[in-house]
Structures are given as structure tokens and as C-alpha cells.
Amino acid sequence: MVVSFKRFIYQAPLLLAVLAGAAGCNLQKDIDVELPVVPSQLVTECYLVPGEVPRLTVTESVPYLSSPQPSVPTDVTVVLTLPNGQQERLSFKPGQDKTNQKLYTHIGKTPLVARPGDTFSLDVRDTQGRHVTATATMPTRVPLDTVEWKFNDKAGEQRKAYLLAKFQDPAATADFYRFQIHKDSISKDSDRDFSLDDRLTNGQLITLGTSYRYSPADTLLVTLYHIDQSYYHFLESVQDARNANGNPFAQPAAIRSTVQGGVGVFTILSADRRTVILK
């Protein structure tokens, strides 16, 4: 088949004229969008750690375009129910955790005693009738098998190491994990942080690794959390929401909370941590 380009050549001046006319037009149009009024909800964030005093943060949700300053209600009652049925009321004493630098609004009195399989309940309510409830069960501890590293053959500032962490996944159960690497201290932002499940590696030795990114004498804190399914979905939804925020081509994502009656997370951290110096 022979194709003639004369038709396109003849129409080119007309097309250029149309484009030139469009360029001179004002194609901008302001549209007022009325955002729906959504009642504020209680936002609860609580990570129970065995051996540490329970701490919890309660704030209020705010409209999307409002100031990013947190809104902290002061009329909130927080009750933690232990596995033996005993209830502990957390006091409103805002402060900062010295270990991880996280802020909190409520704190308990005694260190937490938790064993695998223990279930804890949380009850948060205020004088406006808002009521948040949640339960969480402590997973078994999955230990890190080995943590190793290897340097490349370069010298000076180009000399870098990758890190590998290995652990044995329990067989016959669906398991979920969060893996973190911190440099020097866990009070700083993590260098690596991601969650995973064992759908394709059930009962196998799992290896997690990094690229060549660490320098000689770096101190790394490698942490493996064995987490429950609801906390795993919460982490994945938070990451999806971050990726969608401000991206016009991304699918909107909602946070999958682990609490009922509000927004947030309530979980128990079962972790194994190694500290290594890359010699």
C-alpha cells in the first residue's frame, strides 16, 4: 500500500493557525469545590512494648486543607484491659519517649507484662460521646537467624557494604513482618523500613537485603517485628496514602485502622533486634 503525505502537508498551515489561536485564548477557569463537612474523629496511636510502661497518643482528625498542627483533646479517658481482666487507667501526662523520641498524651504506671498469645483491650472515650475500642494479641517472637554484610572492592568514599538479614518463617501459619534498619540510634528516622508477608515463602528461610549503601564502621540497628495481619494492612495503607497524596495520577487510598469508632492503630510489638558495627 502506498501512502501519500500531501494531505498532511496541505493541512499543516491550518493546524498551526488553530494552535496559534488557542494559545492566545485564556483556558483557565476557576471552580469552587465545596468540601463535605466531616465530623472530627478521635485518632489513637498505641504501640504496646513488653517491659515498657504503656504510652498512647490521642488527637483529633482535622479537615484536609486545615493547618497541620495537631489538635489534642484534654477530656479523654483511656482504659487498658490486661489479659487477666484487670483494668489500668492511663493518665493524661503529655511527654516524649526518650528512646524513640515519639510524643504521647497518656501514660501508664507499671511496665507491661505480655506473653505470646496474650490479648489486650483498649477503651478511649471523651465527653462528646466519641468512643474508640480495639483489641490486640501479642504474636510470637521470630528471631533473626544471621545478620551479615559484605564490602565492595572500591577504596575511600566509594567503599560501601550491603547488609543481609535472615530469619526462619514459621510453617503452616500466615505471618506478617516489619523490617527496619536504623543508623546509630532508633531515635532517628529509619534508613530502611518496609513490611512483608509470607505468602510465597511460608515455612522457608527468608533473606532480606539492601544495596551497597553503608560505610565502614557504621553502627546499624537491625530490627525484625513479627506483627499481626491488621497492623500489616495498616502499614500498607499508610504507605499507599503517602504515595497518593499530591499525585493526580494515583488512586486515592484510605487508612485501614486497627481500631473501631475512630482512626488509628493499637498493636503489640514483638521484636528481635541486632546491633552490628560494619568492620
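The values are calculated or read from the model by the stated rules, or taken from the named source; none is laboratory data. In this text the structure is predicted, and so the values were computed from the model without any measurement. Cβ sites come from the backbone with ideal geometry, for glycine too, and all protein chains shown count toward neighbours. Accessible surface is based on the protein model in full, side chains and every heavy atom, while ligands, DNA and RNA are left aside. Shrake-Rupley method; radii C 1.70, N 1.55, O 1.52, S 1.80 Å.
Any idea which of Pro94, Gln168, Asn152 is furthest toward the positive side of the dipole for the chain, if Lys and Arg beta-carbons carry +1 and Asp and Glu beta-carbons -1?
Farthest along the dipole direction, towards plus: Asn152.
On the accessible surface of the range 63-212, probed at 1.4 Å, how many percent belong to carbon and sulfur atoms?
With neighbouring chains kept in place, the figure for the range 63-212 is 49 percent.
Where does each of 222-228, 137-143 land if you order them by average Cβ count within 10 Å, highest first?
222-228, 137-143
Take the Cβ-Cβ distance between Ile31 and Leu65 as r, set R0 to 22 Å, and report the resulting FRET efficiency rounded to the nearest 0.05.
Result of the calculation: an efficiency of 0.90.
Accessible area per residue, 1.4 Å probe, Å², for the chain: what's the number?
On the way: 17720 Å² over 279 residues.
Accessible area per residue: 64 Å².
How much of Tyr214 can a 1.4 Å solvent probe reach, expressed as accessible area in Å² and rounded to 10?
Answer for Tyr214: close to 0 Å² accessible.
Rounded to the nearest 20 Debye, what is the dipole magnitude of the chain about its Cα centre when Lys and Arg each give +1 and Asp and Glu each give -1 at the C-beta?
Dipole of the chain, to the nearest 20 debye: 720 debye.
What accessible area, in Å² to the nearest ten, does a 1.4 Å probe give for Arg115?
That residue has around 150 Å² of solvent-accessible surface.
Grab the alpha carbons of the range 176-279, take their convex hull, and tell me the volume per residue in Å³.
In the range 176-279, the Cα hull volume divided by residue count equals 158 Å³.
Once fully extended, how much extra length lies between Val113 and Ile186, figured as 0.36 nm per residue of separation less the alpha-carbon to alpha-carbon distance? Each step should come with its number before you reach the end.
Details: separation 73, 0.36 × 73 = 26.28 nm, distance 2.24 nm.
Length gained between Val113 and Ile186: 24.0 nm.
What full-extension length gain, to one decimal in nm, is calculated for Ala253 and Gln101 as 0.36 nm per residue of separation minus the Cα-Cα distance?
51.9 nm
In whole angstrom, how far apart do the alpha carbon centroids of the range 114-181 and the range 37-101 sit?
The range 114-181 and the range 37-101 have Cα centres separated by 21 Å.
In degrees between 0 and 90, to the nearest 10, how far off the longest principal axis of the chain does helix 6-23 point, with axes built from Cα atoms?
For 6-23 against the chain, the angle is about 60 degrees.
At 7 Å along the Cα-to-beta-carbon direction for both Asp193 and Glu157, put a label point, then send me their distance in nm to one decimal.
Distance between label points: 2.8 nm.
How big is the chain by Rg and Dmax over its Cα atoms, in Å?
26.2, 88
How would Asp118, Asp169 rank on accessible area, largest to smallest, probe 1.4 Å?
Asp118, Asp169
Take every Cα pair under 8 Å in the chain that's 6+ residues apart, average their separations, divide by the length, and report that relative contact order as a whole percent.
For the chain, the relative contact order is 18 percent.
With viscosity set to 0.890 mPa s at 25 °C, what whole-number translational diffusion coefficient in µm²/s follows for the range 74-232 from Stokes-Einstein and a Kirkwood radius over Cα pairs?
Result for D is 130 µm²/s.
If the chain between Thr201 and Ala217 were fully stretched, how many nm would it gain, using 0.36 nm times the residue separation less the Cα-Cα distance?
2.5 nm
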